[in-house]
Amino acid sequence: MLRRFISIIPTSAIGSSAIDSNASKTEFTTKLDQIDELKSPQFEAVGQPPSVLAAHGTPSVPLYVKRGSIMSIYGVQGALLDNVSSRLSLFAPLRSFFMGNHNSAYQRIVSTSPFSLLITTNSKKLFGNSSQKTFAVMNLQGTSDWAIINNNAIHAYFGSSLIRRLHLIPRRISKRFSKASGLPTSTNTGLFKWFRPGYTLLSGRGTVALVGSGNIYNVRLEDGEQAVVSKNNLLGLTVNGPHDIQNSIFRFRSTSNSIDLRDAADKRKIHPFESFSNFLLYLQMMSLSTLNFLKDSLSRSVRYIDGTEDLVVVTGPRDLLLQSGVPQSNLLNRAPSDQYSQSSIAPTDTTADFLNYVTVDKNGTKIESTPDFRRRR
């Protein structure tokens, strides 16, 4: 069996260590084998963290790779242009765009002889960020389906029996799940977003390489177990068909008691035109009420556009894929903002705020306090 080696040198090692001309003595490198005898293609995530994908292809089996992400094609016997063909493949472009998959362009690569690819996490896309990304390889055996919440995460795949479909994320849980869990039927799943309303359902047999922000972790939930996760960190989960999401996920709601901010203040009525100080106090309270109203309106608008809160509860049994490279949420101190009733707060009267007056008579001097001279008897 013929083996060829290719070395990948981290940039941090180039300036600190001399590169030997003998590949077997080169330090700080990762050696990749070119395997010529394979029954089916293979994907292998390379590096720490795994930011490169080594794909080994077999004759006449097409590989689909995100457009613009191929680093190198190597290990091809004979003339490269004669043995390897590549063409553009679009996966449901219009439906993908409206479902939130803004990069549905793949390269379909087929060869008449074994070949290998080096694939990066970067690709040509319309929207997205440049944060560090890593690979995770999934081998589907047809026993369970995967719901990939982030449609852009599917970077490469192969398999003649692999089925890939787009579905809308349900906004509310099912009636059956509502009855079993004791939740209201109006409970949201917490995953729906207006700008990304769809997810990808993977079923059948095949291999898929996913790309996530930061590192990717696999979490197993047993039957009856629950996990609170951020929907921004949730990359995918196992499901039983396209409608299982509404039977397994619901929006997280804090169990802390709601707080009425009006209870913390005196609810006395302010007469703004009785005195100049009351007028200033009235203006201050109106300003606070306006700011609270604008803040609450902005918060509700953002939640409406984004969909729901960013924390969801996932019930088992199922597997989860979590990515670490997105902003975290505070699980302990977080509470939905609509649990708080905001209102203007009036200050509580204290004797330090009262006016003093002195009464002098034949019995002596008497000092008394009053909030208003008009109330003096």
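Derivation of every value follows stated rules applied to the coordinates shown; laboratory data play no part. Keep in mind it's a predicted model, so treat the numbers as computed, not measured. All Cβ positions, glycine included, derive from the backbone under ideal geometry; neighbour counts span all protein chains shown.
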Amide H contacts under 5 Å for Val239, restricted to residues at least 5 apart in sequence or on another chain and with H modeled in the peptide plane, are Asp145, Trp146, Ala147
By the mean-Cβ-within-10 Å protection proxy, highest first, 310-316, 66-72, 218-224 rank as 310-316, 66-72, 218-224
